[in-house]
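Scroll down for the structure; my scribbles are underneath it.
The values are calculated or read from the model by the stated rules, or taken from the named source; none is laboratory data. As the structure is a computational prediction, the values presented were derived from the model and not from experiment. Using ideal geometry, Cβ is built from the backbone for each residue, glycine included, and neighbour counts are taken over all protein chains shown.
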Amino acid sequence: MGARSSPSKEKKTNKNVFQINSIFLSPDARSVMSIAASFTTIFFATMPDNNNRRVNYALAGIVTEQLQLLPELIVEDKPVTLNAGLNFGIDSTQLLLKVLFKIVYLQEETPFITIETGCIFAIDPESWALFTNLEAGLFVLPKNFAGHLAQLTAGTARGVLHQSTLNTPLNRFFIPANNIEEMIQENVSLPLDPQN
């Protein structure tokens, strides 16, 4: 199986912020909100003031930013190392939050599997307001809620990798069921306007 990747649909503005340029679902941004109109998914986030608040959100889209599969580079009986990372970004005008999960499988510093998958979450306006600090110009995502969304995104990447390697020698490599939430050490702060 050869290398595959998809072109990025966004501009990287800095290490921790992605500006979402398109929805990936429909040309009408309001349709994302109608898809998630009921916001049936509820999470109780511990806010910085240590109060639990109800957060309404819905999964609005899934994207595979990168998928590179190079089975010809595998050397049997050599150890495999995993490098994983998370990234968060927002679209303040459409009340969307994007979580990216990337994992790279290496042998002696040579990558043979790279996958980066993103989940786009629509946040209802009341919940969005809970995370918005207009004075500081920041969107502050509580650690426990960021961890929850990261866990969902890692699970999505696990499924994409499994399906993409089905009936190939690479299918034996899967994303471990580790606690992805532990990768997030503190609340995630993102600029409301990444252009400034």
What number of residues in segment 164-182 are modelled with pLDDT of 90 or more and either at positive phi or not β-branched (Val, Ile, Thr) (or both)? 9
Could you give me the residue pairs with C-beta distances under 8 Å whose first residue belongs to segment 117-131 and is closer than 19 Å to LEU86 by Cα, whose second residue is of a type in the set (A, V, I, L, M) and assigned to a helix (DSSP H, G or I) wherever it lies, and which are 6+ apart or on separate chains? THR117/ALA157; THR117/VAL160; CYS119/LEU149; CYS119/LEU152; PHE121/LEU149; ALA122/VAL32; ALA122/MET33; ALA122/ILE35
Looking at this structure, is PHE145 among the aromatic types (Phe, Trp, Tyr) and assigned to a helix (DSSP H, G or I)? yes
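Residues checked against (1) among the hydroxyl-bearing types (Ser, Thr, Tyr); (2) farther than 23 Å from ASN167 by Cα; (3) assigned to a strand (DSSP E or B); (4) at pLDDT 90 or above:
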| residue | (1), (2), (3), (4) |
| --- | --- |
| LYS12 | no, yes, yes, no |
| ASP49 | no, yes, no, no |
| ARG54 | no, yes, yes, no |
| GLN66 | no, no, yes, yes |
| GLU72 | no, no, no, yes |
| THR93 | yes, yes, no, yes |
| LYS98 | no, yes, yes, yes |
| ILE113 | no, no, yes, yes |
Would segment 94-109 turn up any residue that is more than 17 Å from GLY147 (Cα to Cα), out of contact with any Phe, Trp or Tyr (no Cβ under 6 Å at 6 or more places or on another chain), surrounded by 15 or more Cβ atoms within 10 Å (Cβ to Cβ) and touching a residue at least 60 places away in the same chain (Cβ under 8 Å)? yes
Does segment 135-143 contain at least one residue that is over 13 Å from PHE88 (Cα atoms) and in contact with an Asp or Glu (Cβ under 9 Å, 6 or more places away or on another chain)? yes
Would you confirm whether any residue within segment 141-153 is touching a Gly at 6+ places or on another chain (Cβ under 9 Å), modelled with pLDDT of 90 or more and buried (at least 20 other Cβ atoms within 10 Å of the Cβ)? yes
